[in-house]
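Q: Just passing along the structure, written as structure tokens.
The values are calculated or read from the model by the stated rules, or taken from the named source; none is laboratory data. Source: prediction; values computed, not measured. Positions of Cβ are backbone-derived with ideal geometry, glycine not excepted, and every protein chain shown enters the neighbour counts.
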Amino acid sequence: MTLSTADQRKLESFWQHCVTHQYFNIGYPESADFDYSQLHRFLQFSINNCGDWNEYSNYLLNSFDFEKDVMTYFSELFNIALEDSWGYVTNGGTEGNMFGCYLARELFPDGTLYYSKDTHYSVAKIVKLLRIKCRAVESLPNGEIDYNDLMAKIAADQERHPIIFANIGTTLRGAIDNIAIIQQRLQQAGIARHDYYLHADAALSGMILPFVEHPQPFSFADGIDSICVSGHKMIGSPIPCGIVVAKRKDVARISVEVDYILAHDKTISGSRNGHTPLMMWAALRSQSLADWRHRIRRSLDAAQYSVDRFQAAGIDAWRNKNSITVVFPCPSEQIVKKYCLATSGNTAHLITTPHHHDNRMIDALIDEVIAETQLTAWQSGKTSKRAAG
């Protein structure tokens, strides 16, 4: 590959931009403390994981052996036997959510999908693409699904085969829908376990809850039918990716035989990136369960540190249980842009992913928010005194 001098300068400029902003993302759940240098040599190969990692494929440049290790890891993490499960490394959380909803639609073609208003925006695309009937459900103040409204809408629809889209960590508030309560309420409504489907979107918290002492329900042992987690969030990856796990008996409904690769395809995307399974494999193999617990504990401690600092200054900040998402009043546009904060209405959040362990960016952001809040209060008080005078 030969590039002109101008093109080389453009690449160099982008390189410097990336180096400068590598750890910018305090407002987004992207872990940046990864090192995949041992895998750089594989970039010279076109590695394509088309088909089922558990079957022979006529396309030899695949990373199926590594993908199988990854799926073994996640089947154990999410409490389901490997022989009873099937999943794959996806292009990201949206594909994982679509896969779960696709399985649910094939199981219950006329079922209605219920999701809270705090659910990730991908669900709106998914229901259109899959043409699933859907109903948005109200959320509680902390971002959890409103269980009363959920059951009221199911009853009003006279829905006998509801498809429940449960959030295991919402995007903006890190809220976790209580799977146990949902199942209890469905049972009380006379809907048997085999008559509904429960998908768990655990994009961020899927790599948090397995490593805390008192997790909320989130696994197959707790009654879910499928779950997805992002690879570029808590794990960290230079390429967006994810993992989805489902029950093998449900996946069998969508299997398609592909004669020219001598394999079956059960995925959404068909041809898949063979490099991301290598990355997930390297990340998981290089850290023990104890390492992960330490990594998660450090992030949770940083989140609580942030809440404490805000509250000590009189700023109404909070976080949900086992969440690294800290919610606080939306600051000025200047601060939002400077720290690349995600905002919604009058709230913003910061997310304490592992590379923020030294608190430098956290402190810098909080210092500016506190200073701005104090200045606004002083100016407001000064204006009030003038008006009174």
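Q: Return the total of residues in region 128-170 being in a strand (DSSP E or B) and among the aliphatic types (A, V, I, L, M).
A: 7
Q: Residues of region 250-272 being in a loop (DSSP other than H, G, I, E, B), modelled with pLDDT of 80 or more and at negative phi, which ones?
A: Restricting attention to region 250-272, the residues satisfying the condition of being in a loop (DSSP other than H, G, I, E, B) are 255, 262, 266-272.
Restricting the remaining residues to those that are modelled with pLDDT of 80 or more gives 266-272.
K266, T267, I268, S269, S271, R272, listed by residue number.
Q: Residue check, V244 against (1) over 23 Å from K68 (Cβ atoms); (2) in a strand (DSSP E or B), all met but one. Which one?
A: (1)
Q: Restricting the search to region 300-331, which residues are part of a loop (DSSP other than H, G, I, E, B) and in contact with a strand residue (DSSP E or B) (Cβ under 9 Å, 6 or more places away or on another chain)?
A: Taking region 300-331 as the starting set, the residues that turn out to be part of a loop (DSSP other than H, G, I, E, B) are 313-317, 319-324, 330-331.
Across region 300-331, the qualifying residues are I315, D316, A317, R319, N320, K321, N322, S323, I324, C330, P331.
Q: Only one of A312, A252, A246 is loosely packed, with under 15 Cβ neighbours inside 10 Å and either assigned by TED's automatic domain parsing to the domain that holds S57 or under 21 Å from Y59 (Cα atoms) (or both); which? Working first, answer last.
A: Values: A312 fails: either assigned by TED's automatic domain parsing to the domain that holds S57 or under 21 Å from Y59 (Cα atoms) (or both); A246 fails: loosely packed, with under 15 Cβ neighbours inside 10 Å.
Going through A312, A252, A246 in turn, just one is loosely packed, with under 15 Cβ neighbours inside 10 Å and either assigned by TED's automatic domain parsing to the domain that holds S57 or under 21 Å from Y59 (Cα atoms) (or both): A252.
Q: A follow-up question, please. Filter region 114-136 for residues that are under 20 Å from the mean Cα position of the chain (by Cα) and aliphatic (A, V, I, L, M) and give the result. Break it down stepwise before answering.
A: Initially, region 114-136 is screened for residues under 20 Å from the mean Cα position of the chain (by Cα), giving 114-127, 136.
Passing the criteria: V123, A124, I126, V127, A136.
Q: Can you tell me which of (1) in contact with a strand residue (DSSP E or B) (Cβ under 6 Å, 6 or more places away or on another chain); (2) outside any loop (DSSP other than H, G, I, E, B); (3) within 27 Å of D110 (Cα to Cα); (4) at pLDDT 95 or above is the one H194 doesn't meet?
A: Among (1) in contact with a strand residue (DSSP E or B) (Cβ under 6 Å, 6 or more places away or on another chain); (2) outside any loop (DSSP other than H, G, I, E, B); (3) within 27 Å of D110 (Cα to Cα); (4) at pLDDT 95 or above, the lone unmet condition for H194 is (1).
Q: I've got another one for you. For the structure I just gave you, tell me whether D33 is at pLDDT below 95, surrounded by 11 or more Cβ atoms within 10 Å (Cβ to Cβ) and out of contact with any strand residue (DSSP E or B) (no Cβ under 8 Å at 6 or more places or on another chain). Give the steps one after another, and end with the answer.
A: Working: at pLDDT below 95: yes; surrounded by 11 or more Cβ atoms within 10 Å (Cβ to Cβ): yes; out of contact with any strand residue (DSSP E or B) (no Cβ under 8 Å at 6 or more places or on another chain): yes.
Against the criterion (at pLDDT below 95, surrounded by 11 or more Cβ atoms within 10 Å (Cβ to Cβ) and out of contact with any strand residue (DSSP E or B) (no Cβ under 8 Å at 6 or more places or on another chain)), D33 qualifies.
Q: Separate question: Anything in region 114-135 that is buried (at least 17 other Cβ atoms within 10 Å of the Cβ) and under 17 Å from G169 (Cα atoms)? List them, or say none.
A: Scanning region 114-135 gives Y114, Y115, S116, D118, T119, H120, S122, V123.
Q: Moving on to the next point. Out of region 146-196, which residues are buried (at least 23 other Cβ atoms within 10 Å of the Cβ), closer than 16 Å to P215 by Cα and among the polar types (S, T, N, Q)?
A: N167, T170
Residues checked against (1) aromatic (F, W, Y); (2) without any contact (Cβ under 8 Å) to a residue 24 or more places away in the chain:
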site: R135; (1), (2): no, yes
site: S139; (1), (2): no, no
site: Y147; (1), (2): yes, no
site: K153; (1), (2): no, no
site: A156; (1), (2): no, yes
site: I164; (1), (2): no, no
site: N167; (1), (2): no, no
site: L172; (1), (2): no, no
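Q: Name the one entry in T20, T5, T90 that is modelled with pLDDT under 95 and β-branched (V, I, T). Give the steps one after another, and end with the answer.
A: Values: T5 fails: modelled with pLDDT under 95; T90 fails: modelled with pLDDT under 95.
Answer to the check: T20.
Q: Please go through region 197-229 and pick out each residue that is in a strand (DSSP E or B) and among the charged types (D, E, K, R).
A: D201
Q: In region 45-68, what residues are surrounded by fewer than 18 Cβ atoms within 10 Å (Cβ to Cβ), acidic (D, E) and modelled with pLDDT of 95 or more?
A: D65
Q: Right, another one. G111: assigned by TED's automatic domain parsing to the domain that holds P215 and crowded, with 23+ Cβ neighbours inside 10 Å, yes or no? First the steps, then the outcome.
A: Details: assigned by TED's automatic domain parsing to the domain that holds P215: yes; crowded, with 23+ Cβ neighbours inside 10 Å: no.
It is false that G111 is assigned by TED's automatic domain parsing to the domain that holds P215 and crowded, with 23+ Cβ neighbours inside 10 Å.
Q: Please find, among D301, D358, D291, D363, the residue that is loosely packed, with under 13 Cβ neighbours inside 10 Å and at pLDDT 95 or above.
A: Answer to the check: D291.
Q: Of the residues R360, R295, R272, R319, only one is of a type outside the set (A, V, I, L, M, F, W, C) and without any contact (Cβ under 8 Å) to a residue 24 or more places away in the chain; which? Don't jump to the end; show me each part of the working.
A: Values: R295 fails: without any contact (Cβ under 8 Å) to a residue 24 or more places away in the chain; R272 fails: without any contact (Cβ under 8 Å) to a residue 24 or more places away in the chain; R319 fails: without any contact (Cβ under 8 Å) to a residue 24 or more places away in the chain.
Going through R360, R295, R272, R319 in turn, just one is of a type outside the set (A, V, I, L, M, F, W, C) and without any contact (Cβ under 8 Å) to a residue 24 or more places away in the chain: R360.
Q: For region 75-87, state whether one or more residues are in contact with a Gly (Cβ under 6 Å, 6 or more places away or on another chain) and surrounded by fewer than 22 Cβ atoms within 10 Å (Cβ to Cβ). Give the derivation first.
A: Start the filter on region 75-87 by keeping residues that are in contact with a Gly (Cβ under 6 Å, 6 or more places away or on another chain), which leaves none.
Within region 75-87, not a single residue is in contact with a Gly (Cβ under 6 Å, 6 or more places away or on another chain) and surrounded by fewer than 22 Cβ atoms within 10 Å (Cβ to Cβ).
Q: For residues that are outside any helix (DSSP H, G or I) and within 22 Å of H161 (Cβ to Cβ), scanning just region 87-113, find the one that is nearest to the chain's Cα centre (by Cα). First the steps, then the outcome.
A: Applying the first criterion (outside any helix (DSSP H, G or I)) to region 87-113 yields 87-92, 108-113.
Narrowing further to those that are within 22 Å of H161 (Cβ to Cβ): 108-113.
Values: F108: 25, P109: 26, D110: 28, G111: 25, T112: 23, L113: 19 Å.
In this case the residue turns out to be L113.
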